[in-house]
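For reference, the structure is listed below as structure tokens.
The values are calculated or read from the model by the stated rules, or taken from the named source; none is laboratory data. Treat the numbers as computed from the prediction; the structure is a model and nothing was measured. Using ideal geometry, Cβ is built from the backbone for each residue, glycine included, and neighbour counts are taken over all protein chains shown. Areas reflect the complete protein model, heavy atoms only, side chains present, ligands, DNA and RNA absent. Shrake-Rupley method; radii C 1.70, N 1.55, O 1.52, S 1.80 Å.
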Amino acid sequence: MGSMPLKTTIDVEDVLSQLSISEKVALLSGIDFWHTAPVHRLGVPSVRLSDGPNGVRGTRFFNGVPAACLPCGTGLAATWDTDLIKNGGRLQGHEAIAKGAAVILGPTTNMQRSPLGGRGFESFSEDPYLAGAMSAATINGIQSTGVAATIKHYVCNDQEDQRQAVDSILTERALREIYLMPFMIAQRDSSPDCYMTAYNRVNGVHVSENPRLMQDILRREWGFDGLVMSDWFGTYSTTESILAGLDLEMPGPTYIRGQLVNQAIGCGKLQEYDIDQRVREVLKLVKRAQSLGLPENAPEKTVDTPETSALLRKISSNGIVLMKNERSLLPFDKKKTTAIIGPNAAYAAYCGGGSASLLPYYAVSPLDGLQAQASDAKYALGAPGWKSLPLMTRSTKTKGDKAGLTMKVFLDPPSVKDRKAVDEIHVANSDILLMDYKNPAVKSTLYWVSLDGTFTPSETSDYELSLAVAGTGKIYVNGNCVVDNETKQRPGNSFFGAGTAEEIGTLKMNQGETYNVRVEFGTYPTMTFHTKGATGFGAGGLRVGLERKVEVETEIERAVRLAQQADQVVLCAGLNKDWESEGYDREHMDLPPGSDDLIKAVLAVNPNTAVVIQSGTPVAMPWLKDAPAVLQAWYGGNETGNAIADVVFGNTNPSGKLPLSFPIRNEDNPAFLNYKSERQRAIYGEDVYIGYRFYEKTQKEVAFPFGHGLSYTTFDIKDLSVDDDEANIVVTATVTNTGKVDGAQVVQAYVSQQNPSINRPPKELKGFTKVFVKAGATEKVKISFSKKYAASFWDEGRDSWIMEKDVYDVLVGDSSASTPLKGQFKVDQTKWWRGL
Ligand code: BGC
């Protein structure tokens with residue numbers, strides 16, 4: 001790549017008229033993982049794209065430049081605060097500029113059909129209005145900095161199982177009212193510059209070659225005027241994808257365009273005119289990117305400032321949901337003796353797994369955050385919560401005495417004597433994805449890697465060492481093989497579903513003795529099997545773990561003894577990026593093995609226990625009736641631990657509300673019967689009854705309803721009025737803080753049609769606002785929303801939206817389960833409409 005500055009902007013039509021066919025064809029695909037193709041002759045630079053949705057990783061999965069990490073999608077939506085989320089979007093825009101990227105690959109705007117979705121944490125909500133409002137706020141924030149947002153994954157990528165092959169089969173009504181709706185709202189309220197297509201099919205046709213979704217609906221009905229790119233390795237055809245409106249194949253180098261497009265033009269399957277339309281969108285994006293003035297191939301920088309930390313802390317703490325608080329147990333008193341217990345205490349679960357994950361500037365664990373405010377608080381693990389062993393780099397040192405391991409890269413396997421390393425790198429993180437590793441000496445995806453370091457145990461014990469690979473590998477301690485993931489390999493979930501299961505070896509090691517650890521790895525092409533349907537992975541990767549072997553019973557006993565001695569207990573449980581990740585769905589809704597037993601045992605000895613759950617989606621809570629206080633803290637980004645401590649000790653009065661229902665059991669959720677790919681199809685049998693729409697219709701009890709969230713104060717919502725100016729419904733009310741501390745309340749407005757001609761959900765969220773009210777004070781609130789969006793359903797007979805003549809109730813309150821205020825509006829004449 002050259003180093004052309006993006007100073008001036010191109011004239012799109014002029015450039016288009018001068019491009020040769022081969023230059024046009026080149027522009028239709030990326031050149032590598034994160035860059036579009038340049039045409040320097042005509043002043044067209046290469047543009048950098050970088051992943052969102054909760055931070056901007058930059059150009060490297062492997063040894064990336066650190067970045068700001070925001071809370072996961074559900075944690076952001078739980079703030080119900082569009083101004084705050086817009087600020088978060090703006091922060092992402094500035095982070096992108098620092099990383100030299102003009103395009104962010106986010107927000108993620110899919111729906112949580114089931115609690116088990118591997119990427120459920122990335123998406124905002126089970127409600128299309130809330131998801132649409134949060135997407136629009138994020139996009140408006142990002143695009144206010146000049147950076148382009150890419151709303152993804154359009155559409156119905158709501159599970160990971162066989163995500164490239166699966167056919168999401170659903171009614172047109174469910175597609176329109178639920179799955180397209182958040183994209184439609186974002187299009188109406190924020191005009192994203194780019195869309196990313198989903199991997200899956202919708203009703204038989206892959207989205208990336210689906211003219212109905214890309215041309216008819218997106219471009220014609222909604223008037224979208226920007227670029228559509230495929231998800232990574234999600235372009236599956238040459239001609240069809242171009243004719244259907246897919247502008248850009250990502251990543252590069254191309255595997256299905258390039259020469260094949262020339263061929264398609266040659267044989268008349270494509271006309272030059274067809275590719276011109278796609279190239280025009282690429283050039284428009286380039287022009288937009290140029291206005292940022294970023295140099296091509298820019299170095300990646302960090303902007304780790306106190307202001308960034310303060311904003312991240314605010315966003316994270318404002319999304320924490322106080323789900324239960326009997327006897328007003330929380331907030332805790334910092335001066336009392338506190339025990340901090342649980343698998344998620346010393347571990348900073350700052351984000352979920354997969355392409356959303358990034359190397360944060362720093363990540364505060366709950367233990368660090370809580371101890372910073374209550375310094376004599378004591379800690380016990382209680383139960384291990386990990387799915388894969390904690391990373392080896394947490395406990396090893398290099399020859400130069402740095403924390404981590406030394407990585408060497410070779411062009412020959414270990415069997416070749418005197419092989420020479422072509423690279424030597426220090427790695428601080430032994431979860432290594434080599435997808436975007438670059439080195440001029442490495443010309444193919446077939447090469448070998450070694451990791452070296454030393455380990456000095458702080459106690460004599462059995463230790464477990466583990467290795468999961470997309471490739472082949474072995475771990476040696478003092479020259480002896482302890483783990484073999486080469487001779488016999490088992491398929492597993494690692495590396496987006498392309499890798500092996502984690503193989504574990506056990507070795508007794510003595511306190512104070514220093515052991516030499518070595519890992520030998522061969523890249524993805526050396527793997528002995530390849531999983532059908534998994535995304536392709538270039539050189540693959542390896543994940544190396546090391547941890548003292550722990551017995552759950554012993555750890556629980558220790559934790560119980562600690563809890564008995566403390567005035568109050570903060571019990572930090574939940575999931576992490578290994579349990580919730582892109583590439584696979586969860587198998588059940590339970591906490592990791594041992595966690596429920598730990599929670600029950602601690603609750604039995606100390607009634608002043610607050611349970612803090614970190615997860616992106618719901619978990620089962622069999623101990624719920626015995627737990628006086630429960631907080632849902634999501635994956636909170638860099639400031640995870642500080643945000644939790646702020647709420648636990650009352651520096652922040654919690655104001656988060658659930659963006660999704662928490663069912664009691666997985667079996668209760670509406671997608672339960674249909675949530676896997678069954679020979680490549682997933683029937684959306686619950687139709688429009690997703691989340692609370694289903695629980696309310698079937699009157700099924702849930703653990704916590706959609707929109708629920710408590711506060712350390714109390715509020716009274718009164719004086720409802722509902723006005724109708726034909727285009728919009730305007731709801732006003734007053735909110736009084738009737739308690740003793742300042743706080744914020746979310747006023748939620750749901751709409752229910754009185755006599756619909758077809759079955760409809762009992763009520764649906766159509767507007768909300770969050771208001772801060774000082775103790776004892778009263779504030780007026782106003783919620784305004786589109787009347788046609790509020791009243792309409794999709795009429796399959798006429799293939800359009802219908803707003804029926806009827807009376808509509810407006811139900812207002814502070815949760816889907818508590819809407820005591822009721823107003824009305826009328827539609828005087830039935831009308832059909834299309835468009836935005
Ligand atoms: C994900 C996208 C992501 C892309 C690039 C894919 O695996 O589905 O969301 O933007 O990778 O990392």
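Some observations on this one:
- Relative contact order for the chain: 15 percent, from Cα pairs under 8 Å spaced at least 6 residues apart, divided by residue count.
- Tensor-based shape of the range 563-640 (alpha-carbon gyration tensor, a/c under 1.5 rounded, otherwise prolate or oblate): prolate
- GLN824-ALA310 pseudo-label distance in nm [points 7 Å out on the Cα-to-Cβ vector]: 5.0 nm
- Protection proxy ranking, peptides 466-472, 618-624, 312-318, 294-300, average beta carbon neighbours within 10 Å, highest first: 466-472, 312-318, 618-624, 294-300
- The dipole here belongs to the range 165-293: it is taken about the Cα centre, uses +1 on the Cβ of Lys and Arg and -1 on the Cβ of Asp and Glu, and is about 140 debye.
- Among beta bridges that DSSP assigns inside the chain, antiparallel share in %, nearest 5: 75 percent
- Equivalent ellipsoid semi-axes, the range 12-290, via Cα gyration tensor eigenvalues times 5, rooted, Å: 29, 22, 16
- Accessible area per residue for the range 53-105, computed on protein heavy atoms with a 1.4 Å probe, is 19 Å².
- Relative contact order for the range 387-548: 31 percent, from Cα pairs under 8 Å spaced at least 6 residues apart, divided by residue count.
- When the charge dipole of the range 387-548 is built from unit charges on Cβ atoms (+1 for Lys and Arg, -1 for Asp and Glu) and taken about the Cα centre, the candidate among ALA501, ALA470, PRO525 whose Cα reaches farthest toward its positive end is PRO525.
- Percent carbon-and-sulfur accessible area, the chain, ignoring ligands, DNA and RNA, probe 1.4 Å: 48 percent
- Restriction of the chymotrypsin sites (Phe, Trp or Tyr not before Pro) in the range 464-551 to DSSP coil positions whose beta-carbon has at most 16 other beta-carbons within 10 angstrom yields PHE529.
- Estimated from helices alone, the mean residue ellipticity of the chain at 222 nm is -5500 deg cm²/dmol (sum of -39500 (n - 2.57) over DSSP H runs with n ≥ 4, per residue).
- What the Cα convex hull of the range 415-565 gives, in volume per residue, is 155 Å³.
- Dipole of the chain computed with +1 at Lys/Arg Cβ and -1 at Asp/Glu Cβ about the Cα centre; of ALA403, GLN745, ALA148, farthest Cα towards the positive end is ALA403.
- Per residue, the convex hull spanned by the alpha carbons of the chain comes to 161 Å³.
- Over the range 645-703, accessible surface divided per residue gives 41 Å², non-protein components excluded, 1.4 Å probe.
- Spatial separation of Cα centroids for the range 1-77 and the range 492-529, in angstrom: 35 Å
- When only alpha carbons of the range 102-234 are considered, Rg and Dmax amount to 13.4, 39 Å.
- Mean-position separation - Cα centroids, the range 197-252 and the range 689-751, in angstrom: 38 Å
- Nearest-20 debye value, the range 387-548 charge dipole, Cβ charges on Lys, Arg, Asp, Glu: 300 debye
- Taking the convex hull of the alpha carbon positions in the range 715-833 and averaging its projected area over all directions gives 7.2 nm².
- Each Lys and Arg Cβ is given +1 and each Asp and Glu Cβ -1; about its Cα centre, the chain then shows a dipole of about 640 debye.
- With viscosity 0.890 mPa s and temperature 25 °C, the Kirkwood radius over alpha carbon pairs of the range 256-383 converts through Stokes-Einstein to a diffusion coefficient of 118 µm²/s.
- Membrane-span-like helices in the chain, defined purely by DSSP H runs whose alpha carbon atoms cover 15 Å or more axially and whose average Kyte-Doolittle hydropathy reaches 0.0, are 128-143, 595-605.
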